[in-house]
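Student: Have a look at the structure that comes next, please.
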């Protein structure tokens, strides 16, 4: 196992409930970075609001903690400004698919070279257990006391239908398998979605560790993720959920590679001559109006 001490923050006060799946995800993420030999200063994490969104506060990387559901546009901008960074947007299912649903759809279109790790516990954990977009039908919550009647949002199917460049699902309880999936996601050139299933021991009494063990399976080694039709069929399975890399699209250009500033000069945007004096003059003129 790789040494992860360079990412540790010993004084961090980790505010998750005992037994939360986030406790498994945190060391898995650090081990992934260590084994890929990504230094803390080479990584940039972006999150929104929620229990999952706290994760970059608990290990040593550059990070931006922003508004609810707004992690993806910030991550896209950071990668565009400095393509040399490893950029990861990490937040929960409510933040990513609810408040951030519109950004999710358009990030699929843009295909920035970032990894999007979604802690999918099928509930709003920070705000005390109301249904999230991925909560199962008929589940009773503190808010939906008669049970959820809406069809759950299917991020895997939406991503595949949109021809996302990398779509995967993992389970926090299987750390080695999850680490292998995260490695593939971070090494992929383009937008990589990892829908990371994990239990909320406080507010979701249905989708617990046993439920995930009994209702998931791993794709076979000879499975072809380039087959969009087959991948879409798998994405619509509800009895048992497939784990692994479910879909990849071929030859989809990354967003930042198509930006005009990088067509002739690969110098990172933040190092280019930005003519800041011109911008300052415009700001000064505006202030005087």
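Student: Scan region 32-43 for residues that are surrounded by 13 or more Cβ atoms within 10 Å (Cβ to Cβ), out of contact with any helix residue (DSSP H, G or I) (no Cβ under 7 Å at 6 or more places or on another chain) and in a loop (DSSP other than H, G, I, E, B) and jot them down.
Tutor: 38, 39, listed by residue number.
Student: Right, something else. Quick test for you: out of 135, 86, pick the one residue that is crowded, with 24+ Cβ neighbours inside 10 Å and either more than 18 Å from residue 165 (Cα to Cα) or more than 10 Å from the chain's Cα centre (by Cα) (or both). Outline the logic, then answer.
Tutor: Details: 86 fails: crowded, with 24+ Cβ neighbours inside 10 Å.
From the options 135, 86, the qualifying one is 135.
Student: Which of the following residues is within 16 Å of the chain's Cα centre (by Cα) and either within 20 Å of residue 195 (Cβ to Cβ) or outside any helix (DSSP H, G or I) (or both): 23, 104?
Tutor: Answer to the selection: 104.
Student: Right, here's the next one. Any chance region 5-16 includes a residue that's buried (at least 19 other Cβ atoms within 10 Å of the Cβ), modelled with pLDDT of 95 or more, touching a helix residue (DSSP H, G or I) at 6+ places or on another chain (Cβ under 8 Å) and part of a helix (DSSP H, G or I)?
Tutor: yes
Student: So which of 29, 74, 46 ends up being in contact (Cβ under 8 Å) with a residue 40 or more places away in the chain, part of a helix (DSSP H, G or I) and under 16 Å from the mean Cα position of the chain (by Cα)?
Tutor: Criteria check complete, one pass: 29.
Student: For the subset of region 136-162 comprising residues that are in a loop (DSSP other than H, G, I, E, B) and in contact with a helix residue (DSSP H, G or I) (Cβ under 7 Å, 6 or more places away or on another chain), which member is nearest to residue 113 (Cα to Cα)?
Tutor: Among those that are in a loop (DSSP other than H, G, I, E, B) and in contact with a helix residue (DSSP H, G or I) (Cβ under 7 Å, 6 or more places away or on another chain), it is 162.
Student: Let me ask something else. Of 197, 193, which residue is more than 25 Å from residue 255 (Cα to Cα) and under 15 Å from the mean Cα position of the chain (by Cα)? First the steps, then the outcome.
Tutor: On the way: 193 fails: more than 25 Å from residue 255 (Cα to Cα).
That would be 197, the only listed residue that is more than 25 Å from residue 255 (Cα to Cα) and under 15 Å from the mean Cα position of the chain (by Cα).
Student: Next question, about the same structure. Residue check: is residue 103 without any contact (Cβ under 8 Å) to a residue 40 or more places away in the chain and surrounded by 20 or more Cβ atoms within 10 Å (Cβ to Cβ)?
Tutor: Here the answer is yes, as residue 103 does meet what is asked.
Student: Now for a different question. Take region 73-93 and flag every residue that is modelled with pLDDT of 95 or more and over 13 Å from residue 255 (Cα atoms).
Tutor: Those that are modelled with pLDDT of 95 or more and over 13 Å from residue 255 (Cα atoms): 74, 85, 86, 87, 88, 89, 90, 91, 92, 93.
Student: With the requirement that a residue be out of contact with any helix residue (DSSP H, G or I) (no Cβ under 6 Å at 6 or more places or on another chain) and closer than 15 Å to residue 194 by Cβ, what does region 213-244 give you?
Tutor: Within region 213-244, 216, 218, 219, 225, 241, 243, 244 qualify.
Student: Another question, then. For residue 60, all conditions in the list (1) more than 15 Å from the chain's Cα centre (by Cα); (2) in a loop (DSSP other than H, G, I, E, B); (3) buried (at least 21 other Cβ atoms within 10 Å of the Cβ) hold save one; what is the number of the exception?
Tutor: (3)
The values are calculated or read from the model by the stated rules, or taken from the named source; none is laboratory data. Nothing here was measured: the structure is a model prediction, and the numbers come from that model. Methodologically, a virtual Cβ is constructed for each residue, glycine included, from the backbone with ideal geometry; neighbour enumeration extends over all protein chains shown.
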